[in-house]
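Rule-based calculations on the coordinates, nothing more; no lab input. The shown structure was predicted, so the numbers you read here are calculated from the model rather than taken from an experiment. Backbone-built Cβ (ideal geometry, glycine too); neighbour counts: all protein chains shown.
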Amino acid sequence: MSEYSLESPIDHKTIRQLRAGDRVYLTGPAFTCRSKLQRAVFDENLPMPVSLKPFDILIHAGPIVLTEADGYHLVSFMPTSSVRFEKWGAQSIEQWGLRVIVGKTTMGAATMDAMRRYGCVHLTPRSVSPTLWCDAIRITGVELLEEMGSIEAPWQMMLNRLGPFVVDMDTEGNNLFDALDQEIQKNKEIAYRKLGIPDHFQPTKLY
């Protein structure tokens, strides 16, 4: 596996070099996005804030940010699960010109197809570190704060080698989590045979 330090804006050629399993650090402008912004833009046809249009790194996160006299203070930051936003994944890549989506877990088939066509990858954290990353992030602004609230509002930020992340969806259609699931299933079948457990065995449910 390779390691990349990407700086936004990210060119098309570079993003297509990344492969599932590669380690990535991010530098440059980015913005956060959750359900309310995507619902407003894609379902309710409200305009995308002009200040967000140049960004090619989207982070599925609801950071905790304090507004102080001298600006913004980031208290906690951790990406949330991207699969929750699969409904809008393909549209966000196509219409917002994204090169990188950051979030926990992975995304679905429609988003994967858009990643292949337009050149975008999904990155997932290698750890849970809501406070350790704060030093690598500087909050530069926010849109729709009153309308959407602090957690859902799209925060603008400047990243300074934020990471590490791992590529779990690449532009070739590879999905790291799917590959891991297949490997786990193979190992499970081997273990069942060694232990004499029938293939149709189901663990006891406690609820």
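Details
- Bridge orientation summary for the chain: considering DSSP beta bridges with both residues in this region, about 60 percent are antiparallel.
- Straight-distance crosslink candidates among lysines, where the alpha carbon sits under 25 Å from Lys194 and sequence neighbours closer than 8 are dropped: Lys186, Lys205
- Segments 167-176, 105-114 sorted - mean Cβ within 10 Å per residue, highest first: 167-176, 105-114
- Which label in (i) 105; (ii) 161; (iii) 114 gives the computed volume of the Cα convex hull per residue in Å³: (ii)
- Extension gain from Glu172 to Leu145, taking 0.36 nm per residue of separation minus the Cα-Cα distance: 6.0 nm
- The packing ranking, built from the mean of other Cβ atoms within 10 Å per residue, places the peptides 192-204, 69-81 in the order 69-81, 192-204, highest first.
- Taking a straight Cα-Cα cut-off under 29 Å and skipping sequence neighbours fewer than 8 places away in the same chain, the lysines within cross-link reach of Lys87 are Lys13, Lys36, Lys53, Lys104.
- Relative contact order of the chain: 26 percent, from C-alpha pairs under 8 Å at least 6 residues apart in sequence.
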